[in-house]
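Heads up, the thing below is written out as structure tokens.
Bear in mind these aren't lab numbers, they're just calculated from the coordinates by the rules spelled out. A quick note: this is a predicted structure, and the numbers were derived from the prediction, not measured. Here the Cβ positions follow ideal geometry from the backbone for every residue, glycine too, while neighbour counts run over all protein chains shown.
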Amino acid sequence: MDEYGNTGEGRAARRDEAVRAAVEQGLLGPDSPIVGLLDVTGIRESAAELRAAFDEVTAPGTPVLHAFAVKATPLVPVLRLLREEGIGAEVASPGELALARAAGIPPARTVLDSPAKTPAELREALALGIAVNADNPQELHRIDGLVRSAVSRSPLGIRVNPQVGGGSIGATSTATATSKFGVALRDEGAREWVARAFDERPWLSRLHAHTGSQGMPLDLMVRGVEETYALAEEINRHIGRPQIDTIDIGGGLPVNFTSDVTTPTYAQYARALRAAVPGLFDGRYGLVTEFGRSLLAEHGTIVARVEYTKSAGGRPVAVTHAGVQVATRTVYAPGSWPLRVAAYDGKGRPKNGPVVVQDVAGPACFAGDLLAEGRALPLLDQGDYAAALDTGAYYFAHHYAYNSLARPGVHGFAPDPAGRVAFATVRAPQTIAEIVAESGGAYADALTTLRAPGNR
């Protein structure tokens with residue numbers, strides 16, 4: 001049971017109803033063997049829980065921006081839904097900024113973070129009034145020139161790396177001693193440089209840190225925020241005024257991929273922060289958060305038809321249409337990114353019966369393309385469906401075009417006025433013609449027309 005008395009049963013029930021309805025309404029079938037489903041009700045609930053958790057711990061009137069990390073689910077309808085729920089956008093590329101703008105998220109509710117911002121990206125952000133966190137001294141020097149040449153409404157800050165350590169997944173730990181992100185505070189002279197940068201630039205008003213995401217323990221995330229807050233206090237005391245008026249604590253709340261129970265919760269994290277860093281919430285600082293995976297992961301499901309079943313070495317294998325192209329991290333690093341798999345019959349109903357240890361394989365042409373290996377499930381048969389759960393973030397929106405496999409369609413679902421499941425297209429399935437076009441189809445003769453001198 002989570003902080004709000006939710007055991008996840010409601011989410012599971014909505015998912016089961018949606019899979020059955022997807023089959024009944026033809027979104028899933030022999031000619032459409034894979035689809036991504038997004039639970040609109042669940043997404044709205046997560047956004048409300050995030051807002052409520054931080055409202056509970058912050059002083060009345062404190063400016064708080066919850067900016068969704070667009071990289072987690074870069075789909076315009078998702079961003080528009082979150083905008084409606086009071087959530088802004090954290091972007092890390094020109095493409096992500098374009099998605100946020102297409103969703104109608106205003107510049108004042110957008111934050112640009114990236115370790116490799118070009119001059120053009122910075123000029124655009126400053127012209128629009130988007131908040132920017134400089135990643136390093138060279139970038140701050142670049143911003144110096146832009147600030148001198150044009151007036152900007154952008155809140156500007158510096159990203160620091162508190163170097164408090166890593167979690168269980170190295171690739172998602174961003175506050176290690178050698179992380180590529182931010183100014184490494186414990187390196188010789190770095191802390192002094194940050195303080196001097198603020199002293200010399202009255203227009204710098206924010207401090208930003210992000211400790212990591214999946215695999216990060218809550219206490220380590222809290223320590224990262226503690227270090228950042230302490231630095232802000234130190235700099236403001238040195239300058240003699242509250243120049244730093246906003247602290248961006250990043251996101252990174254890990255997701256429970258083992259059951260439908262949400263843990264840890266936003267409320268648990270917010271209360272842990274208040275206990276450790278009470279001054280962060282007393283109204284002297286505005287607050288920015290950048291959650292991504294924790295807002296969307298549990299509300300997405302990839303459902304794939306079982307095309308064939310077979311046996312190898314005495315173990316059953318269900319060959320499905322969901323593999324490395326949609327679950328890249330799981331296929332290549334299953335120890336760090338395991339997914340739950342649910343079995344449904346050919347009519348989209350949860351499958352019962354004795355569990356059997358089996359492999360759930362994807363369609364790509366390499367042996368390691370396994371959604372789950374040696375997993376105990378009701379035996380999957382040809383024409384059944386395998387559902388990869390908790391895939392609403394970093395899965396079907398991050399297509400990996402192995403074997404030129406098509407991107408699946410994505411549909412949101414919610415109850416209609418009559419209580420039935422209604423679907424809305426979030427992204428249409430990719431067509432074969434689109435695959436050819438993306439693969440240079442319009443330039444088929446480009447290489448054959450090149451000739452070395454003397455070769456005709």
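Taking amide H as placed 1.01 Å from N in the peptide plane, the amide H of residue 422 sits under 5 Å from that of 414, 416, each at least 5 places away or on another chain. DSSP bridge analysis restricted to the chain gives an antiparallel fraction near 50%, rounded to the nearest 5. Measure out, as a whole number of angstrom, how far apart the alpha-carbon centroids of segment 179-200 and segment 231-248 sit. Computed from Cα coordinates, the inter-centre distance equals 14 Å.
Within segment 41-296, the proportion of C-alpha pairs whose separation exceeds 24 Å stands at 44%. Taken along the Cα-to-beta-carbon direction at a fixed 7 Å, the label points for residue 127 and residue 51 span 3.3 nm.
Provide 110, 263 in ascending order of the number of other Cβ atoms located within 10 Å of each residue's Cβ, fewest first.
Placing the least packed residue first, the sequence is 263, 110.
Both radii come from the Cα set of segment 204-246: Rg as radius of gyration, Rh as Kirkwood radius; their ratio Rg/Rh reads 1.08.
Each Lys and Arg contributes +1 and each Asp and Glu -1, all at the Cβ; summed about the Cα centre of segment 33-83, the dipole is approximately 280 debye.
Among residues other than residue 394 whose Cβ falls under 11 Å from its Cβ, what is the net charge (Lys/Arg +1, Asp/Glu -1)?
Here the count lands on +2.
Here's the picture: charge each Lys and Arg Cβ at +1 and each Asp and Glu Cβ at -1 in the chain, and of 262, 145, 243 the one pushed furthest to the positive end of that dipole is 145. Panel order for 257, 281, by other beta carbons found within 10 Å of each beta carbon, from fewest to most: 257, 281. Note on segment 41-296: antiparallel DSSP beta bridges, both residues inside, total approximately 5 percent of the bridges counted. Only helices enter this figure: runs of n ≥ 4 DSSP H residues, each worth -39500 (n - 2.57), summed and divided by the residues of the chain, yield -9000 deg cm²/dmol at 222 nm to the nearest 500.
Using a simple spin-label model with pseudo-atoms 7 Å out from Cα toward Cβ, residue 188 and residue 118 lie 3.7 nm apart. Here's how it looks for residue 358: its modeled amide H is under 5 Å from those of 374, 375, 376, 377, which are all 5 or more places away or on a different chain.
For segment 277-421, the residue among 386, 286, 397 whose Cα projects farthest onto the positive side of the dipole built from Cβ charges is 386. In a reduced charge model with +1 at each Lys and Arg Cβ and -1 at each Asp and Glu Cβ, the chain shows a dipole moment near 680 debye about its Cα centre. Considering only Cα atoms, the convex hull volume of segment 265-321 works out to 139 Å³ per residue.
A compact globular protein would have a Cα radius of gyration near 2.2 N^0.38 Å; the ratio found for segment 298-441 is 1.08.
Extent along the principal axes, Cα only, for segment 333-384: 30, 21, 15 Å, with the longest axis given first.
Selection among 231, 435, 337 by position relative to the dipole of the chain gives 435 as farthest towards the positive end (Cβ unit charges, Cα centre).
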